[in-house]
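Okay, so here's the structure we're looking at.
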Amino acid sequence: MIKGFLFDLDGVIVDTAVFHFQAWRRLAQKLGGDFTVEQNEQLKGVSRVDSLKKIIAWTGATIDNQTFINLMELKNECYLELVVQLGPKDGLPGALEFIRHAHAKGILIGLGSASKNAPMVLDKLGITALFTTIIDGNNVVNGKPDPEVFLKGADGLDLKPAECLVFEDSIAGVQAAKAGGFNCVGIGSAELLKADVHFQALGSSTPEALVAQF
Ligand code: BG6
Ligand code: MG
């Protein structure tokens, strides 16, 4: 019986995945390289530090520790410039309504995001109060595809993984959910994500239909 929903943030609740992509591309270009939309699928859900390691490997650049730290800061500054405009109207299609509806039905709501900026983004969307637990990039040692973020989320809801549904748009995130013993709703391509069920957006289903299905 499903009693809780654990949501990824970027690309599930709000379209910030495109801002991460733009910010990382600017950085890659600074390093004299670039990467594709397909390669970006390997960055989705992945922590800031692990994303930068991948981009450096793709560009073939050699950098020292201090430059690595500076580049992480630079990427975040660039991302923050892009999200400054976010407000309560900026949820992905049907997403905020879906979460409000689930909350009103008594389903416990949690966040499991790799982003250290997640609490700030939830505040901008005006939905923080709906969340019983918020696990973000500041609260985990091991990033997705490790299941830690979702296991801590389930703990925060006082539920077992089998009692929660995870909502994810990234390959790493679906892997994390499955590794933790969760059922997973993929937001995006079934072929790419390999979740248990797939939708283009949260608004394509209802909390009741999903709870009945699992
Ligand atoms: C994930 C995004 O949610 O958070 C990644 O999918 C991002 O693209 C990661 O790199 C870390 O985010 P932040 O805000 O801590 O740099
Ligand atoms: Mg995501």
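Some points to look at:
- The range 107-214: projected area of the alpha-carbon convex hull, averaged over directions, in nm²: 6.3
- The residues of the range 114-199 have, on average, 40 Å² of accessible surface per residue, using a 1.4 Å probe with all protein chains present.
- Choice from V174, V37, V14 showing the highest fluctuation, given a GNM over the chain with Cα pairs closer than 10 Å: V37
- Label zone (T67, point 7 Å along Cα-to-C-beta; backbone nitrogen cut-off 17 Å) within the range 28-60: 28-34, 52-60.
- The 1.4 Å probe gives accessible areas that order K160, K144, K3, largest first, as K160, K3, K144.
- Rounded to 0.05, the FRET efficiency of the E77 and A190 pair, given R0 = 30 Å and the Cβ-Cβ distance, is 0.25.
- Candidate lysines - alpha carbon under 21 Å from K53, same-chain residues fewer than 8 apart omitted: K30, K44, K75, K116, K144
- Taking every alpha-carbon pair in the range 17-83 and binning the separations at 10 Å intervals from zero gives 21, 63, 16 percent.
- Principal axis box of the range 9-54, alpha-carbon based, largest edge first, Å: 33, 17, 16
- Using a Förster distance of 22 Å, the FRET efficiency for Q42-A162 (Cβ separation, nearest 0.05): 0.15
- Computed [θ] at 222 nm, helices only, for the chain once each DSSP H run of length n ≥ 4 contributes -39500 (n - 2.57): -13000 deg cm²/dmol
- Label point at D15 placed 7 Å out along Cα→Cβ; residues across the range 191-214 whose backbone nitrogen lies under 19 Å: 199-205
- Computed from backbone phi with θ = phi - 60° and the Karplus coefficients 6.51, -1.76 and 1.60, the 3J(HN,Hα) list for the range 195-201 is 8, 7, 8, 10, 9, 7, 7 Hz; x is used for glycine and proline.
- Taking the convex hull of the alpha carbon positions in the range 98-138 and averaging its projected area over all directions gives 2.7 nm².
- The chain pair-distance distribution - Cα-Cα, 10 Å bins, rounded %: 9, 36, 36, 15, 4, 0
- The chain - percent relative contact order, Cα under 8 Å, separation 6 or more: 28
- Relative contact order for the range 1-123, counting Cα pairs under 8 Å that sit 6 or more residues apart, in percent: 48
- Length released on extending from Q22 to M1, taking residue separation times 0.36 nm less the Cα-Cα span: 3.6 nm
- Annotation: lysines with alpha-carbon distance below 18 angstrom to K3 (same-chain offsets under eight excluded): K105, K152, K160, K178.
The values are calculated or read from the model by the stated rules, or taken from the named source; none is laboratory data. Remember, predicted model here, so these are calculated numbers, not experimental data. No Cβ is skipped: glycine too gets one built from the backbone with ideal geometry, and neighbour counts run over all protein chains shown. Side chains included, ligands, DNA and RNA excluded: accessible areas come from the protein's heavy atoms. Shrake-Rupley method; radii C 1.70, N 1.55, O 1.52, S 1.80 Å.
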